[in-house]
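Right, one structure below, let's go through it.
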Amino acid sequence: MENVGLWIQIVLCTNSFDPDTLSEPSCTHVLMNSTSAIDARATLREMMTALADLPIAADEAETVDRISLMESIKAVCAAGQAEDTLRLQELRSAAESERGVPVERRCRGLSAEVALARRASGNAGGRHLGFARAMSEMPNTFARLREGSLSEWRATILVRETAYLQVEDRRIIDHALCADTSTLESVGDRALEALAKRITYERDPQAVVDDNASAPKDRRVTMRPKPDAMVQLSALLPMTAGIAAYAALKQHADGLVGDGDRTHAQVMADTLLERLTGKAAAEDVAVSVDVVMSADTLVAGSNAAAEVPGYGPVPADTARSLISDTLDADALVTLRRLFAAPESGALVAMESRARIFPTGLRRFITRRDVSCRMAYCDAPIAEIDHAHPHVDGGVTDSLNGNGLCRTHNRQKQNPGWAVTTSIDDDDTHEALIRTPTGHEHRSRAPARRTDAA
C-alpha cells in the first residue's frame, strides 16, 4: 500500500482587511456578439483550425509568448463556455415554463448535458454549471476570465471560497480581488486561496463558522488506482480526527526506526493496514478481490492484460501471481466463468425475467461495463439501469442493462433523455445516448483482449 492521505486544512486568519470601504459593483451579463448561432459555430471552428495549423515558433522568445497567449485563450474559452452554459439554462427554463413544468423541477438533468458537451464526468458537469452560475454573481472575476488574465482554475478557487456567502458579500470580495488586474499579479494559487479565505472570514465570520460546522458530514474514504499495482487510500476527516490519526501512525513508526528493513513510511502504511483490518499483511484479510481474465491468460501463458474491478488493467503475470499467492496462503479461490466472444473479448449475454437485476446478472453487467456507461464518466457503477425503462416494457437482460453511477441514473430519468442499446459487429455492447437537445453520444463497453497484446 503506497500512500495513505489525510486531507486536512487549517486556516489561520491574520492581519486585517476592510471590505466595507468598497462600493458594491453592479452585475451585468455580457452576451457574445454574433450575427447568428451558425456563424458563431463556424467562427469557433475556424479558430480551432487556425490554432491547430500554427507554424512552428521561430525562436525561444516567440515560444514563450505563444505559450502565454494560448493560456489566455484557454481562459477566454472558459468564459465563453460559462456564458453559453448560463444561456442554455435560460433557454431550458423558459421552454419548461411554457410547458407548465413547476419551478422546482426545471432544468433537471442540465448538468449531465453540460458534462457530455464538455466530455466530462457527471460530477464535473455539476461543477461547471455551478461555476457558470457563480460568474453571474462575480462580474469582476468574469471580466478577468474573459480578457484572459485569470485562468479558469484560479477563478474556480474564488468561486469555491465564496460559495456559502450572501450574493452581496460575494460581490464585494469579487471587487476587492479582481476589480484591479494588478491585485493578483504574481500571486500563487495557494496564496490566492488563503487571501480569499481571510477576506471571506472578515466579511462574514459566522458563515465560515457555519460552513466549518457542516463540513464533517462530507467525511469519507476513497480509493484511487496508482501505477505498479498500487492504490492510494485517502480519508477526508475533521481536522482533529485527521491529525490524531496521522500522529498515532507517526508516533508508532518513530519508535520502530531502524527495526528491520522497512522505512519510516512503510512502517506507517503497514501499521494502518494492521489497525484497520487486524491483520499484518493484505494476504491475510478475508476479502474477495475479483480478477477478470481469459482462460488463456490463466492457464496457457497468454500475455493479455487481466482486470481488477475498481482498479483497472493489470499485467498477465501480476494477475497470475495474485491467484497463485492466494493459493499458497491456503485461501479459498473461486473461479467464476463469464463467457466472452472469441474475436473481440466482449462479454456476452445473460437475462432474467425479474424486475430487479438478480445478483448474477448484476455481477455480469458490472464486470462488462467496468465503470459508469455514460459517455466520459468513469465513476464507479452504483446501480444497474434498464436502458429502455422496465415500466415501458424494457426487459431485464444484459442487452438492456447499463451500469451507471447514481448521478447519471437519476439524470437520465428526466424528460427528453433516451438510451438505446445494441450489440455491434464485434459483439460489443453499445449504448446510444440522446439528450433533450437532440445531441447523441455513444458509449461502448470495454473489450477484453484474449490474445497477446
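The values are calculated or read from the model by the stated rules, or taken from the named source; none is laboratory data. Note that the structure is a prediction, hence the values are computed from the model and not measured. Heads up, the Cβs are rebuilt from the backbone with ideal geometry, glycines too, and the neighbour counts pull from every protein chain shown. In case anyone asks, the SASA skips ligands and DNA or RNA and just uses the protein heavy atoms, side chains included. Shrake-Rupley method; radii C 1.70, N 1.55, O 1.52, S 1.80 Å.
Numbers below:
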read-out	value
Qualifying residue in the stretch 209-225 (condition: in contact with a His (Cβ under 9 Å, 6 or more places away or on another chain), basic (Lys, Arg) and more than 30 Å from Ala319 (Cα to Cα))	no
Residue match in the stretch 146-166 (condition: on the phi > 0 side of the Ramachandran plot, small (Gly, Ala, Ser), open to solvent by less than 60 Å² (accessible area, probe 1.4 Å) and in contact (Cβ under 8 Å) with a residue 24 or more places away in the chain)	yes
Selection status of Val257, within 25 Å of Pro313 (Cα to Cα) and either of a type in the set (A, V, I, L, M, F, W, C) or modelled with pLDDT under 85 (or both)	no
Selection from the stretch 171-181 of residues that are of a type in the set (D, E, K, R), surrounded by fewer than 23 Cβ atoms within 10 Å (Cβ to Cβ) and in contact (Cβ under 8 Å) with a residue 12 or more places away in the chain	Arg171
Flag for Arg133 being surrounded by fewer than 20 Cβ atoms within 10 Å (Cβ to Cβ) and at pLDDT 95 or above	yes
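Residues checked against (1) surrounded by 12 or more Cβ atoms within 10 Å (Cβ to Cβ); (2) assigned to a helix (DSSP H, G or I):
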position	(1), (2)
Ile38	no, yes
Thr49	no, yes
Ile56	no, no
Val64	no, yes
Gln81	yes, yes
Leu86	yes, yes
Ala94	no, yes
Gly100	no, no
